[in-house]
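I have placed the structure first, in the form of structure tokens, so that the comments after it can refer back to it.
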Amino acid sequence: MGLWLSIAGIAAAVALAGIGSAIGIGLVGQASAGILSENPKMFGRLIILIALPGTQGIYGFVAAFLAMVKAGLLGGAPVALTSANGWQIFFACMPIAFAGLVSAIHQGKVCAAGAGLVAKQPGETGRALVIGVFVEFYAVLGLLTTIFLLTGIKL
């Protein structure tokens, strides 16, 4: 039972953070495509804004990797996890799962607005990026919390 609970948490970390990233990139990508249809030279200024919401999916993957290592799912036999251990790993994965999901979607919205700013004032690319990074901070906190919780689990 413990192993299955840990796998569920691992899957949630990857899936939810990945879904958030896909939605966030989709939002800013749609806005940027409209801008690029009128001015293809803006691609270099917009690509970072387009890619930024994708980092949450990477954070979910990193958390899942660390949880898999903790559960012994990589290389060799899995650790004999109790139900309590399984729940611990499951809940340790939740901060990045939900922070990644929500922050990536909102970061996509912020970056889409930033793309509009850059379209009108190309010199403001840095400011548009900084605004998007503020949302990123909460995904980083989710990842750090997951790492700290995983580190604290004694098997």
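Observations
- Computed over segment 84-155: relative contact order in percent, which uses C-alpha pairs under 8 Å that are six or more apart: 51
- Taking each residue as 0.36 nm, the span from ALA84 to MET1 lengthens on full extension beyond its C-alpha to C-alpha distance by 28.9 nm.
- What the Kirkwood sum gives for segment 2-152 is a hydrodynamic radius of 15.9 Å, with every pair of different alpha carbons counted.
- Theoretical gain in end-to-end length, VAL133 to PHE61 [0.36 nm per residue, Cα-Cα removed]: 24.0 nm
- Once C-alpha pairs closer than 8 Å and six or more residues apart are averaged by separation and normalised to the residue number of segment 1-121, the relative contact order reads 51 percent.
- Summarising the label geometry, the points placed 7 Å from Cα in the beta-carbon direction at VAL140 and LEU74 lie 2.3 nm from one another.
- Model label points for LYS154 and GLN121, set 7 angstrom from Cα along the Cα-to-Cβ axis, are 5.6 nm apart.
- The HN-Hα couplings worked out from phi for segment 137-152 by the Karplus form 6.51 cos²θ - 1.76 cosθ + 1.60 (θ = phi - 60°) are 3, 6, 5, 4, 4, x, 5, 4, 4, 4, 4, 4, 5, 4, 4, x Hz, whole numbers, x standing for Gly and Pro.
- Mean Cβ count within 10 Å, highest first, over the residues of peptides 85-98, 123-136: 85-98, 123-136
- Across the alpha-carbon atoms of segment 1-64, the computed radius of gyration and Dmax are 16.0, 56 angstrom.
- Other residues with beta-carbon under 12 Å from the beta-carbon of ALA119 carry, at +1 per Lys or Arg and -1 per Asp or Glu, a net charge of +1.
All of the numbers you see were taken from the coordinates with simple rules; none came from a lab. Model, not experiment: these values are computed from the prediction. Glycine also receives a Cβ, built like all others from the backbone with ideal geometry; neighbour counts cover every protein chain displayed.
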